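Working notes, structure below.
The values are calculated or read from the model by the stated rules, or taken from the named source; none is laboratory data. Treat the numbers as computed from the prediction; the structure is a model and nothing was measured. All Cβ positions, even for glycine, are placed from backbone atoms using ideal geometry, and neighbour counts span all protein chains on display. Accessible surface areas use protein heavy atoms only, side chains included; no ligands, DNA or RNA. Shrake-Rupley method; radii C 1.70, N 1.55, O 1.52, S 1.80 Å.
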Amino acid sequence: MGAVREQVERQLRRVGERDPQLHAMVVTLERQALRDADRLDAGSGPREALHGLTVTLKDNIDVAGVPTTAGSGHHARGVAPADAAVTRLLRQAGAVVMGKNNMAEFAMGVTGRNRTFGDCRNAWDRDRIAGGSSSGSAVAVAAGMSTAALGTDTGGSGRIPAAVNGIVGMRPTVGRVSNRGVLPVSPSFDTVTPMARDVHTVAAVLAALEHWAPDDPTSGAGGRIAVGSCLEREPERLRVGLPREFFDEGVDPGVQSVIRSAVDTLRGLGAQVRDVDVPDAGRAQERMLDIMYPEAAAVHADRLRYEPDTIDPDVLRRLRLGQGVTAERTRQARAWQLGFQRRVDAVFDDVDVVVTPTIPLDVPLHDAVDLAASTREIARFTYAWSMYGGPSISIPCGFHPRSGMPVGLQLSGARWDDHVVLMAAAAYERTMR
């Protein structure tokens, strides 16, 4: 038996063992994955960059011949006619697509709740939230069902589930990866999010997804530097910003202690740590929602008009909020965003990365979360960086002293400095081995 087939069969068994309790998968593409594994094992030419890497995809990402449900029992209208751009690039790089992952309906929600396919459960503790909206993608990796996964991140939907399941999740600079073939939440902020257990695998997947096409409005032509160019560099001169005020408020003491230890580790590697102010970070979430919710409502306008009873009540509430935002309010929010981006650019004139917790709380218990308040509370440290538009990565940095649950360290950088964020994350990760 070839090595790739052996890996695929092992992880398919893992799906059978763990998914009935975790609900990370919507569909498993067993026959296709085994065919692809055999083809890769039989090949004799040069190996592609992701040869044999097993990947699962959030179910708002198209796979040819497979329905795209977007987490809704009423969304799929037949099978996807073609692969999404990222699916195609994964296959070209030698990856094996194992299946589609569970998610919050229409990618709106941070807890892992899904009334159609079952609530996705945390891989460490089924009584706690799995994060969202890319819940199944993170859980599949954390539970050993796949080596890597793709989620999406609008306001934190990739970083949050990565953090609470103890894996790595990267939100690239907006426009770095094509969203063609991905059902949007908010085209202004959506990004595809690579996830894996380690930084090097995330970087390899992100590198494979790099493909700027002039005719693709979802991809940007910004200043791209190869994402893996600095992975092995030690951060002797890395300038690390430690923000106060908003990012220091209301943080669980156990989370705070783990983050401080992580910052001390970076300092011990030679990084220069200094206090910084991220101007208006506390306002970013509110202003972003004035753009994001109306865009989401526009995506689902027909369903809102003709089939609102088919939408999850919490998702419907958010979409209705979007319908109530005036065009003038959205215009003002976009103008505010431009000023915010300039102010944050100035922060990165003085530091290379800014360090915060990914979420300010211990991983909440599933049954204790108030859905209406969950996004604002759990995602308040991720939204600011989404509004900015640069790269952010969540990496595991230890365990909460009371619950034993993973704590995520969020490293954020200047737009198109994805390589710098990955370098800092990789250097920190080496100290944890």
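Annotations
- Where both bridge residues fall in the range 3-209, DSSP classifies roughly 65% of the beta bridges as antiparallel.
- Our coupling estimate for the range 425-433, obtained by passing each phi through the Karplus curve with A = 6.51, B = -1.76, C = 1.60 and θ = phi - 60°, is 5, 5, 5, 5, 4, 4, 6, 8, 6 Hz, Gly and Pro reported as x.
- J(HN,Hα) series, the range 239-255, from Karplus relation 6.51 cos²θ - 1.76 cosθ + 1.60, nearest Hz, glycine and proline x: 9, 10, x, 10, x, 10, 6, 3, 6, 10, 9, x, 8, 3, x, x, 4
- The range 219-255-the range 112-163 distance, computed between alpha-carbon centres (Å): 23 Å
- Counting charges near SER137 (Lys, Arg +1; Asp, Glu -1) among other residues having Cβ under 10 Å from its Cβ returns a value of +1.
- For a paramagnetic label modelled on ASP367 (point 7 Å from Cα along Cα→Cβ), amide N atoms under 19 Å away belong, within the range 19-60, to 21-23.
- Taking the range 3-209 and dividing mean pair separation by its residue count, relative contact order in percent (alpha carbons under 8 Å, at least six apart): 21 percent
- Heavy-atom SASA rank of TRP336, TRP212 (probe 1.4 Å, accessible area, largest first): TRP212, TRP336
- Sorting the segments 71-80, 350-359 by their mean number of nearby beta carbons within 10 angstrom, highest to lowest, gives 350-359, 71-80.
- Cα radius of gyration and Dmax for the range 3-209 (Å): 15.1, 47
- Solvent accessible area, Å² - LEU231, 1.4 Å probe, full protein context: 20 Å²
- Going by accessible surface with a 1.4 Å probe and the largest first, TRP385, TRP416, TRP124 read TRP124, TRP416, TRP385.
- Solvent-accessible area per residue in the range 54-193 equals 21 Å², computed with a 1.4 angstrom probe and all protein chains kept.
- Cα-based convex hull volume of the range 193-304 per residue, rounded to whole Å³: 202 Å³
- Relative contact order of the range 44-130, defined on C-alpha pairs under 8 angstrom at six or more residues apart (%): 29 percent
- Heavy-atom accessible surface of the chain: percent carbon and sulfur, 1.4 Å: 50 percent
- Low-density loop cleavage sites - trypsin sites (Lys or Arg not before Pro) in the range 155-256, where at most 15 other Cβ are within 10 Å (DSSP): ARG224, ARG233, ARG237, ARG244
- Amide H contacts under 5 Å for VAL66, placed H, 5+ residues apart: ALA80
- Using a Förster distance of 30 Å, the FRET efficiency for ALA226-ARG10 (Cβ separation, nearest 0.05): 0.40
- Cα-based convex hull volume of the range 117-272 per residue, rounded to whole Å³: 151 Å³
- Beta bridge orientation in the chain: antiparallel %, DSSP, nearest 5: 65 percent
- Accessible surface for the range 364-433, divided over its residues, is 31 Å² per residue with a 1.4 Å probe.
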